Amino acid sequence: MSEQPRPLTVLNLLAMKRAGTKIVSLTAYDALMARMLDASGVDVILVGDSVNQVVAGRPSTLSATLDQMIYHGRAVQGAVRRGLVVVDLPFLTYQVTPEEAIRNAGRVLQETGAAAVKLEGGVPMGPTIRALVDRGIPVMGHVGLTPQSVHALGGYRVQGRDQAAADRLLADARAIEEAGAFSVVLELVPSSLARTVTQSLTIPTIGIGAGPDCDGQVLVLPDMLGMNSGFSPKFLKRYADLDTDIRAAVSAYGAEVRSGAYPDPEHSFE
Ligand code: KIV
């Protein structure tokens, strides 16, 4: 009988940072993909609110709902045996009061089975992160480009470029660590600043567009699989060209259905 892999915990991630072992993270929104990521050794499987753009086709993450995140979180967690599943808290489910944040994050853990939530923001979110952690809800922070604040930030642009902004970002990351978060995402941050933040914290940093010195990296799965050919930010490396492959496969299927070549006897029942 093959042994079940032991699920990773937030403590394992802290140990990975101490050991200098890079943390591999990708987003997943459904069971099929989550199973493949888990079998491929992805450490942190993030049910990002990017699902609202990538899957639901909305222009930003702002309209994602808690029920939507719970639906996708449950699908992903059900397929994962080893990876640590983290579910994004959507806009306005944690910013109003710490009490609401506890209730909503608690629902996510209860109804999905996931081990942790992620929320955006630095110093102002400290008390909320502390309230969640004190109730036994592990929190991953997220600073730099925080997509739920896209309107306030004036677009999806690199953050922390001048000294004052860099100082604020470092203070944000430190506040998240002090509040008890187990990890923090650094999104669209200059490499040198991400290195400084990573060296200043004892919790692991997970970078996206934040250079090579973070403790781990995360990408949005359909982007790195080349399924989203219209989206080409500088930091994105495509590891496959599924856009081309899927179009070719669907065209081939269409041609065979139209010509009558499919289904042939091999794919039919006598
Ligand atoms: O929603 C998401 O997918 C994310 C990642 C980009 C970090 O927050």
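Annotations
- Averaged per residue, the chain has 51 square angstrom of accessible surface, using a 1.4 angstrom probe with ligands and nucleic acids left out.
- Within the chain, helix-based [θ] at 222 nm, where runs of 4 or more DSSP H residues each add -39,500 (n - 2.57), nearest 500: -12500 deg cm²/dmol
- Rounded to the nearest 20, the Cβ-based charge dipole of the range 93-165 about its Cα centre (Lys and Arg +1, Asp and Glu -1) stands at 100 debye.
- Here the Kirkwood formula, the inverse mean of 1/r across different C-alpha pairs, assigns the range 10-239 a hydrodynamic radius of 17.3 Å.
- Ranking Tyr156, His72, Gly83 by how far each Cα lies toward the positive end of the dipole of the chain (charges on Cβ) leaves Tyr156 at the top.
- Gaussian network model of the chain, Cα within-10 Å springs - most flexible of Thr244, Thr112, Thr146: Thr244
- Other residues with beta-carbon under 12 Å from the beta-carbon of Ser229 carry, at +1 per Lys or Arg and -1 per Asp or Glu, a net charge of -2.
- Carbon + sulfur, % of accessible area of the chain - ligands and nucleic acids excluded, 1.4 Å: 56 percent
- Springs join every pair of Cα atoms under 10 Å in this Gaussian network model of the chain, and among Leu242, Leu89, Leu46 the largest mean-square fluctuation is at Leu242.
- Projected label distance in nm at Ala165 and Glu178, using a 7 Å step from Cα toward the beta-carbon: 2.4 nm
- Within the chain, percent of DSSP bridges classed antiparallel, to nearest 5: 5 percent
- Counting only lysines at least 8 places from Lys118 when in the same chain, those with an alpha carbon closer than 19 Å to its own are Lys17.
- Candidates Val185, Met227, Val250 compared by Cα position along the dipole of the chain: farthest toward the positive end lies Val185, with charges placed on Cβ.
- Gaussian network model of the chain, Cα within-10 Å springs - most flexible of Asp38, Asp162, Asp88: Asp162
- Under 21 Å from Lys237, Cα to Cα: lysines that are on another chain or at least 8 residues apart: Lys22
- Computed about its Cα centre, the charge dipole of the chain is approximately 620 debye, with only Lys, Arg, Asp and Glu carrying charge at their Cβ.
- Charge context of Ala171, other residues only, Cβ under 13 angstrom, K/R +1, D/E -1: -2
The values are calculated or read from the model by the stated rules, or taken from the named source; none is laboratory data. What you are looking at is a predicted structure, and each value in this text was computed from that prediction instead of being measured. Positions of Cβ are generated from backbone atoms using ideal geometry, with glycine treated the same way; all protein chains shown enter the neighbour counts. Side chains are part of the model used for accessible areas, which takes the heavy atoms of the whole protein and leaves out ligands, DNA and RNA. Shrake-Rupley method; radii C 1.70, N 1.55, O 1.52, S 1.80 Å.
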